[in-house]
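One structure is given here, and the rest of the page talks about it.
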Amino acid sequence: MEDIKIQGSPKTPTVDFNSETGVLLLKGRSIPENSIEFYKPLIDWIAEYSKHHNQKTEVNIQLEYFNTSSSKCILDVFKKLETLGDSVTINWYFEEDDEDMLEAGEDYDAIINIPFKMIEVEEI
Amino acid sequence: MFEQFKNDQTLISFHGDLNSSLITSLLHVIERKLEDQGSSVKAKKRVFNVLVESLQNLYHHASAAGDEMKKVAVAISGTKNEYYITTGNLVENSKVSLLEEKLEGVSGLDSNKLRDIYQEQLDQGALSKKGGAGLGIVDLARRSNGELKYKFVKVNEEFSFFTLKIKVID
């Protein structure tokens, strides 16, 4: 299947979904006015990937900012990932002192049935 | 009504029609200014997030409305670790009570309660056609520790002027 590689913009994140390695990356900012358009292809890709997914899937979320419109779409991404079973791990990155981003990760962790690893970094 | 948005500690004030690229520009400018002020990571991110959320609230509201309602006012003021984001726009009188109800619903709640409401709405709610998650006001309340101040002033039979003031501290 075709991988997804999207360059980040001031309002949308860098995306790198690689079916061969099973490593999925979302990095940067996700603050579009309407996020459905941006996230729909990503969710469709995971649906396709889930049919013949890798033994292990690693999801790296390295977001600096995201708006509430994106928050719902990101949840949908995670819900789609839940269908892969217990082969998935989510690494949730947050910048030092960015308590809000840590809490946001914990919010998803409370809803989603996939293990989250919270990783503090100096800068995203 | 729009003049009240300026004072000595104003970082940005804007009054006019709002569009998507203007939102991008305003965000870019405020990010630079916050960096120049040397504000903390937490304060910087909160102000940025609050600004994104409130500008996009205004944008979604204005794009669904007639010409009179496309004009909005925004101001960000403050120093280092205490900021105020103030927005003003016209709202149809028929929508005032619903909006007031939403704001009252989150006012005075502590951070744990706001978090519960946010998680529930995130999990249960659906996105509107415009991409609204119904989370904007709860999110703003969370980032301002429940310090949302608002006012509705009736302008005429059709509209009221809605002011929302959001305090962000480190």
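From the list A:ILE36, A:ILE74, A:ILE61, the one residue that fits, being within 14 Å of chain B (Cβ to nearest Cβ) and either in contact with a strand residue (DSSP E or B) (Cβ under 7 Å, 6 or more places away or on another chain) or surrounded by fewer than 18 Cβ atoms within 10 Å (Cβ to Cβ) (or both), is A:ILE74. Scanning the stretch A:77-124 for residues that are of a type in the set (Asp, Glu), farther than 21 Å from B:LEU114 by Cβ and more than 9 Å from chain B (Cβ to nearest Cβ) yields a count of 5. Could you tell me which residue of the stretch A:2-33 is nearest to A:GLN55 (Cα to Cα), considering only residues that are within 14 Å of another protein chain (Cβ to nearest Cβ) and surrounded by fewer than 19 Cβ atoms within 10 Å (Cβ to Cβ)? Restricting to residues being within 14 Å of another protein chain (Cβ to nearest Cβ) and surrounded by fewer than 19 Cβ atoms within 10 Å (Cβ to Cβ), the top hit is A:GLY8.
Only residues that are in contact (Cβ under 8 Å) with a residue 40 or more places away in the chain and small (Gly, Ala, Ser) were counted in the stretch A:85-124, giving 1.
Is it the case that the stretch B:140-155 has a residue that's within 14 Å of chain A (Cβ to nearest Cβ), at pLDDT 85 or above and over 19 Å from the mean Cα position of the chain (by Cα)? No, the stretch B:140-155 has no match at all. When the stretch B:124-139 is filtered for residues that are modelled with pLDDT of 90 or more and either farther than 23 Å from B:LEU164 by Cα or more than 7 Å from every other protein chain (Cβ to nearest Cβ) (or both), the ones remaining, listed by number, are B:ILE137, B:VAL138.
Scanning the stretch B:18-28 turns up no residue that is more than 13 Å from chain A (Cβ to nearest Cβ) and either at pLDDT below 90 or not in a helix (DSSP H, G or I) (or both).
Restricting attention to the stretch B:33-42, and to residues there that are in contact (Cβ under 8 Å) with a residue 60 or more places away in the chain and either in contact with a strand residue (DSSP E or B) (Cβ under 6 Å, 6 or more places away or on another chain) or at the interface with chain A (Cβ under 10 Å from one of its Cβ atoms) (or both), which single residue is surrounded by the fewest Cβ atoms within 10 Å (Cβ to Cβ)? The qualifying residue surrounded by the fewest Cβ atoms within 10 Å (Cβ to Cβ) is B:SER40.
Within the set B:ASN89, B:ASN49, B:ASN7, B:ASN57, the sole residue that is within 27 Å of B:ASN145 (Cβ to Cβ), at pLDDT 85 or above and more than 11 Å from every other protein chain (Cβ to nearest Cβ) turns out to be B:ASN89.
The values are calculated or read from the model by the stated rules, or taken from the named source; none is laboratory data. Here the structure is a predicted model, which is why all the values come from computation and not from measurement. Glycine also receives a Cβ, built like all others from the backbone with ideal geometry; neighbour counts cover every protein chain displayed.
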